[in-house]
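What follows is calculated from the coordinates using simple rules that are stated; it is not laboratory data. Here the structure is a predicted model, which is why all the values come from computation and not from measurement. Cβ placement follows ideal geometry from the backbone for every residue including glycine, while neighbour counts extend to all protein chains displayed.
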Amino acid sequence: MIRQEQCKVISQIKLAENIYELTLQGELVHEMKEPGQFVHLKISEGYDPMLRRPISIAEILPDESQFKMIYRAEGRGTALLSEKKPGDYTDVLGPLGNGFPISVAGRGETALLVGGGIGVPPLYELSKQLVNRGVKVIHVLGFQSASAVFYEEKFARQGETFVATADGSAGTKGFVTDVIKRLNIDFDVLYSCGPTPMLKALENQFPHKKVFLSLEERMGCGIGACFACVCHTGDDPEGYSYKKVCSDGPVFKAGEVVL
Amino acid sequence: MNSLNVSLPGLELKNPIMPASGCFGFGREFSQLYDLSKLGAIMIKATTLEPRFGNPTPRVAETSAGMLNAIGLQNPGLDKVVNEELVWLEQYDVPIIANVAGSQEEDYIAVARKISANRNVHALELNISCPNVKTGGMAFGTIPEIAKNLTKKVKEVSEVPVYVKLSPNVTNIVEMAKAAEDGGADGLTMINTLVGMRIDLKTGKPILANKSGGLSGPAIKPVALRMIYEVSQQVSLPIIGMGGIESAEDVIEYFYAGASAVAVGTANFIDPFVCPKIIDELPELIGKLGYENISECTGRSWNKFEKTSHYCS
């Protein structure tokens, strides 16, 4: 169920260049079920900014009624969010959207988790839940450069983890798709979140595999009412049928929507 | 006496608060959050004869105290709206105001005829003011003679009262309002969005794929208030006011300007519970202002005969 709540800031940690980890506490944590869902934050009380900001959930900690988000301070909203201190409150609407289907990967099977930049965070909760189910996880994480890398060790504790950077300053130089090809990684299910060109490349690279992709799009309401974040469907790419990224997604099966 | 009851052509409203068209879909999403029967009415998303996918994304961009949108009248088309959305909405005790759009006169007439025949549709909102479509939309709402004729034709086929939604993108709003009145409109809704643009500093190009979009939110409230103030003194039609409303105080301000009911748009995206919150807060504010019913507030800003010294906080 979607709730609106003033959540308390527990911690705010800078993880990498412009990348922050924010931990919030609130009862709506107990509504969070699937990895890959997101929350919609009203960052300031006034009109600067006015609209909410969608941010993915990186980790759910039900015992403490807390959850973590990792975001990049980029625009006005996220820059203000990075100034929040422990003890502050922020208005949270969520959890929203449909996350990654974890039951698709069975016990003993292998899941490949591929993240790009600020698309990496939701894969952490996904990885935890898959490991809990007895699924073997392999992570391939892409970043711009060494200064943008985060959570490498935390992912490594869950399973094998490979990092790629565009400039080669950390891990392998190149794209995540290069790493997967070079290492010839075998898997049963692929889950990914990141920039659209990366998602497209993965969709094309593995047309016969079970692939699930989390999309990003500019949103208005976050609950499916405003029709800002729609995309065409794979079976009707030029027609009238559509999916809303916020409420039908943000996770879709590869081919379900036009990237 | 209930302080929020309002009576308008075709609409016996338990309160004068309704979500604005395009900001509430067909209600399904918000029904997960609260009981839609609490609302005075619902202005459903614009309906066209054929389905429309709308514009490419990005379709929204934030601005100072407002937002731009260029959705492009995405909707499943008349048949689906009538057979699925309106049927689903029948479970709620709330009158529906159906927003009717089109790219040519025949479209408007066909949609108005069929949609007005539904038992939960109590009024039409004639959308001659959408800025985000290439043909039709706002083109019908900026030339008085065309607006008048379209209103007249839609009135001839509609089984329920017709409210004409005015565009603020005109030099003389009173002239447009009079055109709608001459065409036989039963009421006005105002205002639709103001055409605007934002440019991405990285690319140097407009943020919206459609380039321009409609500005809504608190930024446009003073524009709407001024237009309602002028129109309400010049025409005798009731006005449903809209533009940046997000509190009970905003509602009263609109009534003072000359509105008889209001619609809440953009604020639904920021606080999805804003409509029920305003409905809960209004009775106390009306009492504090010394009124028995909110209708007494209509036109206070220009009504010379209205008794003064209401406010006693």
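Some observations on this one:
- Beta bridges per DSSP with both ends in chain B, % antiparallel, nearest 5: 40
- 15 Å reach of a label modelled at B:Asn172, 7 Å along Cα-to-Cβ, counting backbone N of the stretch B:231-265: B:231, B:234-235
- Proximal aspartates and glutamates relative to A:Lys209, as straight alpha-carbon distance under 17 Å, when same-chain residues fewer than 8 apart are discounted: A:Glu109, A:Asp186, A:Asp188, A:Glu256
- Each of A:Asn132 and B:Lys80 was given a label point 7 Å from its Cα along the Cα-to-Cβ line. The distance between the two points is 3.7 nm.
- Integer Hz, Karplus 6.51/-1.76/1.60 couplings in order for the stretch B:198-209, x for Gly and Pro: 10, 10, 7, 5, 6, 8, x, 10, x, 5, 6, 4
- Residues whose amide H comes within less than 5 Å of that of A:Ile43, counting only those at least five positions distant or on another chain, are A:Arg53 (H built at 1.01 Å from N in the peptide plane).
- With each label modelled as a point 7 angstrom along the Cα→C-beta vector, the A:Lys8-A:Glu238 pair spans 5.8 nm.
- A:Thr172 long-range amide H proximity, modeled H, under 5 Å: A:Val163, A:Ala164, A:Thr165
- Cα extents of the stretch A:6-131 along the three principal axes, largest first (Å): 49, 30, 23
- Ascending count of other beta-carbon atoms within 10 Å, so fewest first, for A:Leu213, B:Leu225, A:Leu80: A:Leu80, B:Leu225, A:Leu213
- Karplus-derived 3J(HN,Hα), 6.51/-1.76/1.60, for each residue of the stretch A:25-41, Hz, glycine and proline x: 10, x, 5, 5, 4, 6, 8, 7, 10, 9, x, x, 6, 9, 10, 10, 9
- Of the DSSP H helices in chain A, those whose Cα atoms cover at least 15 Å axially and whose Kyte score averages -1.0 or more: A:122-132
- The string of couplings for the stretch B:32-45 from the Karplus curve (6.51, -1.76, 1.60, θ = phi - 60°) is 6, 9, 7, 6, 5, 5, 6, 6, x, 6, 10, 8, 6, 4 Hz, one whole number per residue in order, with x for Gly and Pro.
- Near the amide H of B:Ala259, within less than 5 Å, lie the amide hydrogens of B:Gly299, all on another chain or at least 5 residues away, with H placed in the peptide plane.
- Antiparallel DSSP beta bridges within the stretch A:161-245, percent to nearest 5: 35
- Selected from B:Gly25, B:Gly290, B:Gly184 as most flexible by GNM, with chain B as the system and alpha-carbon contacts under 10 Å: B:Gly290
- Span-rule helices in chain B, defined as complete DSSP H runs reaching 18 Å or more along the axis (Cα) with Kyte mean at least 0.5: B:274-289
- DSSP bridge analysis restricted to the protein assembly as shown gives an antiparallel fraction near 50%, rounded to the nearest 5.
- Reachable lysines from B:Lys288, criterion Cα separation under 23 angstrom, eight or more residues apart if same chain: B:Lys14, B:Lys38, B:Lys277, B:Lys304, B:Lys307
- Entries of A:Lys173/A:Lys244; A:Lys244/B:Lys211; A:Lys8/A:Lys244; A:Lys200/A:Lys244 with Cα pairs more than 28 Å apart: A:Lys173/A:Lys244; A:Lys8/A:Lys244
- Contact order normalised by residue count of chain A, Cα under 8 Å, 6+ apart, percent: 17
- Per-residue Cβ neighbour rank within 10 angstrom, fewest leading, B:Ile71, A:Ile185, B:Ile109: A:Ile185, B:Ile109, B:Ile71
- Full-stretch length increase - B:Asn120, B:Lys304 - with 0.36 nm per residue and alpha-carbon distance subtracted: 62.4 nm
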